[in-house]
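Following: one structure in structure tokens, then a few remarks.
The values are calculated or read from the model by the stated rules, or taken from the named source; none is laboratory data. Quantities reported herein were computed from a predicted structural model and do not represent experimental measurements. Here Cβ is always computed from backbone atoms with ideal geometry, including for glycine, and neighbour counts include all displayed protein chains. Remember, those area values only see protein heavy atoms, side chains included, never the ligands or the DNA or RNA. Shrake-Rupley method; radii C 1.70, N 1.55, O 1.52, S 1.80 Å.
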Number of protein chains: 2
Amino acid sequence: MTDLLELTAELVDVPSVSFEEAAIVSLLEDRLRAVPWLTVDRVGDNLVARTTHGRPQRLILAGHTDTVPPNGNERARIDGDTLWGVGSADMKGGIAVLLDLASTVSEPAVDVTYVLYAREEVAAVHSGLGELAAARPDLLAGDAAILGEPTSGDVEAGCQGTMRIEVSLAGARAHTARPWMGRNAVHRLGRLLAVVEAFDERRPVLDGCEYREALQAVAVDGGVAGNVVPDRATVTLNHRFAPDRSADEAIAHVREVASMADDVDVLDVAPGAPPALDHPLLAALARGREVRAKLGWTDVARMHEHGVPACNFGPGDPTIAHTRDEHVTRADIEAVHVALHDLLTGRNP
Amino acid sequence: MTDLLELTAELVDVPSVSFEEAAIVSLLEDRLRAVPWLTVDRVGDNLVARTTHGRPQRLILAGHTDTVPPNGNERARIDGDTLWGVGSADMKGGIAVLLDLASTVSEPAVDVTYVLYAREEVAAVHSGLGELAAARPDLLAGDAAILGEPTSGDVEAGCQGTMRIEVSLAGARAHTARPWMGRNAVHRLGRLLAVVEAFDERRPVLDGCEYREALQAVAVDGGVAGNVVPDRATVTLNHRFAPDRSADEAIAHVREVASMADDVDVLDVAPGAPPALDHPLLAALARGREVRAKLGWTDVARMHEHGVPACNFGPGDPTIAHTRDEHVTRADIEAVHVALHDLLTGRNP
């Protein structure tokens, strides 16, 4: 049997920060094309490998190949049964499981579409899954989908929406020796940041799952010269909103929070998806497992938009994704492998 | 008689943002070298033109040729007796006065050193006057000095010190869908900016002149990625401090104000200068004129450091320097010209 922790480490050691996935995609493509029961298509830096047994149902297993920029953790490091490194949890452990299932399950009970796509960790407009949906929607046809995002082996239902908003504050320049003659836009920014920090988060419960909204400043910029009271400052906000709100409703809410700003520009927005655990394949996966709301945005939303019910299920602790301490355990990867193997082969409880 | 407003407009129309003074210096050099009673030296982009009549006293008249970056006001525009444009007040009106005096006062009552220097509007370390002091200190010898910085034709005594400080705040990265797992450095920056905005300014009175301190954020920077709680943010502060405080005392004060910061780095510091109106030449200038504290840093401080008592006296409103609305009037330029002409020819009251 494949050592899935070693396979994950091998994938971590191929750098694949968003937009730089070509090397890891070529590695995965070579392995998938060697599997006799799969039909493989490559669209840009996205791979789709399908069984075509003519089964009555088709399940999509999907995951992204990119990572956020490393944070002193670019190399895989295994200590006992734990693997550290950027992308180990989000989501090269999941990719390792998908690669192994694709290579070993020759006669699944349902047809399977394995989707490995690029550019998930950046603005939604760049998504490889979006590129696939536009160029080859036929490759994404299916009855249900499971996204291998890190969930610690639990089922995370639906997902929250996300948007980035650039908020600008104006001022009036003056010499810094006489600042009372001007209006400091960076000082105004401080007041706006206080409002953002005091954001009163909603926690709606849908189908028993509690979502939890968030508003975070993710970038600031401002200044003119070292002796000039600055007349402009900008802050980029990231807002996460529960799936009971549409994108438009969420935008209106942020505009209200940032009402002291001179300009509010929505850079990108991706709505969320409600829980979809009433589908038989997803219900079978959820049975006997812990189920909770997915707080991060995932391509479950894109699947929902295309009419495919989906959930998140993968190895790795989502709370340490994107941190220096990102890691994944052998037990987590193997448990997800067993669960998906059982689902594909019809051995579910 | 020279039309000094036209001459100032001509100088405004030669762009001379700091570090790009070569063209205006060449123009000034050509005119000064044509004056038979002057000895002219050029050191880099700095010009020194001297009379050498062997008078018992030598007065330095000095001004900088650079401007801050334009703000939609790069071209000179004359409307009636007012000239608009970047540098019109700070300080091409003063340069026009110096150029005309140098070209017309052939037999002054005191020897005169005209100093036209580069790079005053940037960090003190780049100062052309500093370059001159290091390369040719003999050219800056004198009994007293008048800096032609804009003072609306009043006498501005001494000057406040200035420093730039980079303040850094740390945090802990996390996924923005779970911000409570990290610590947002940009949100901490907001709290620091509130402290800066609430800065309790000192207003000490020295020799009857009231100084007024200031602390301003002049630049901010921070952020990692659109979906990451940022773990770093920086703000650059500009602190103006009265001449009753040394640079070390002022630095200690800012460190105390920014005590919540993780790192405080002094980028540059230039101490101020106390009033020096007891010198006979400066006292003669001040007689019958309004006298007040100079709030901005000027090279009066550098002159003070070299043992030359100095004050600020020039055309143009200092409160509109560095703004879009910068302008200077014919009356202001001509009044300063008359005052300095009287001082040079010994016709003072």
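Okay, here's what the table says:
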item	result
Magnitude of the charge dipole, segment A:1-140, Cβ model with Lys/Arg +1 and Asp/Glu -1, debye to 20	440
Charge-dipole axis of chain B as Lys and Arg at +1 and Asp and Glu at -1 on Cβ define it, positive-most pick from B:Leu139, B:Val224, B:Gly272	B:Val224
Of A:Ser16, A:Pro56, B:Ser106, farthest towards positive along the dipole that unit charges on Lys, Arg, Asp, Glu beta carbons give the protein assembly as shown	A:Pro56
Residues whose placed amide H lies under 5 Å from that of B:Val228, excluding near-sequence neighbours	B:Thr176
Chain B - mean residue ellipticity at 222 nm from DSSP helices (-39,500 (n - 2.57) per run, n ≥ 4, rounded to 500)	-8000 deg cm²/dmol
Formal net charge of residues neighbouring A:Pro309 (Cβ-Cβ distance under 11 Å; K, R +1; D, E -1)	-2
Max mean-square fluctuation residue, GNM over chain A, Cα-Cα springs under 10 Å, options A:Ala214, A:Ala252, A:Ala62	A:Ala252
Rounded Å value of the spacing that divides the Cα centres of segment B:14-69 and segment A:145-220	53
Dipole moment magnitude, nearest 20 debye, segment A:131-240 about Cα centre, only Lys, Arg, Asp, Glu C-beta charged	1080
Buried accessible area, chains B and A (both chains, 1.4 Å probe, Å² to nearest 100)	4400
Apportionment of accessible area to carbon and sulfur, segment B:131-224, percent (1.4 Å)	44
Segment A:40-54 - phi-based ³J(HN,Hα) in whole Hz, Karplus 6.51/-1.76/1.60, Gly and Pro as x	10, 10, 10, 10, x, 9, 10, 10, 10, 10, 10, 8, 9, 8, x
FRET E, pair B:Asp248, A:His126, Förster distance 56 Å, beta-carbon r, rounded to 0.05	0.65
Ellipsoid semi-axes in whole angstrom, largest first, where each is sqrt(5λ) of the Cα gyration tensor of segment A:169-292	43, 12, 11
Total formal charge among the other residues, if their Cβ is under 10 angstrom from that of B:Asn184, Lys/Arg +1 and Asp/Glu -1	+1
For B:82-94, mean number of other protein chain Cβ atoms within 10 Å	0
Using distinct alpha-carbon pairs, which all enter the 1/r mean, Kirkwood radius of segment A:16-90 in Å	14.6
15 Å beta-carbon shell around B:Arg75, net charge (K/R +1, D/E -1)	-4
Kirkwood-based shape ratio for chain A, expressed as Rg/Rh from alpha carbons	1.04
The protein assembly as shown - accessible surface per residue (Å², probe 1.4 Å)	36
Gaussian network model of chain B, Cα within-10 Å springs - most flexible of B:His306, B:His187, B:His64	B:His187
Spacing of the two label points (7 Å from each Cα toward its C-beta) at A:Asp268 and A:Trp180, in nm	4.7
Extension gain from A:Asp30 to A:Gln57, taking 0.36 nm per residue of separation minus the Cα-Cα distance	7.0 nm
Averaged over B:194-201, number of beta-carbon atoms from partner chains that fall within 10 Å	3
Cut-off under 5 Å, modelled amide H: who pairs with A:Ala145 long-range	A:Ile60, A:Ala310, A:Cys311
Those lysines that a straight Cα-Cα span of less than 22 Å connects to A:Lys294, excepting residues fewer than 8 apart in one chain	A:Lys92
Loop-resident sites, segment A:1-104, for trypsin sites (Lys or Arg not before Pro), counting at most 13 other Cβ within 10 Å (DSSP)	A:Arg75
Share, in percent, of DSSP beta bridges within the protein assembly as shown that are antiparallel, nearest 5	75
Alpha carbon Rg of segment B:50-182, scaled by the compact-globule rule 2.2 N^0.38 Å	1.56
Karplus (6.51, -1.76, 1.60) ³J(HN,Hα), θ = phi - 60°, over segment A:212-227, in Hz, Gly and Pro reported as x	8, 6, 7, 9, 10, 6, 10, 7, 9, 7, x, x, 10, 7, x, 10
Calculated P(r) of the protein assembly as shown - Cα pairs past 48 Å, %	38
Highest-fluctuation residue, A:Pro309, A:Pro70, A:Pro36 considered, GNM on chain A with Cα pairs under 10 Å	A:Pro36
Residues whose placed amide H lies under 5 Å from that of B:Ala293, excluding near-sequence neighbours	B:Ala157, B:Glu210
Shielding by partners, peptide B:208-216 (average Cβ within 10 angstrom, other chains)	3
The protein assembly as shown - charge dipole about Cα centre, Lys and Arg +1 at Cβ, Asp and Glu -1, debye rounded to 20	540
Note, ³J(HN,Hα) from phi for segment A:206-211, Karplus 6.51, -1.76, 1.60, rounded to Hz, x at Gly and Pro	10, 6, x, 9, 8, 8
Label-point gap, in nm, between A:His306 and A:Arg287 - each point 7 angstrom along Cα→Cβ	2.8
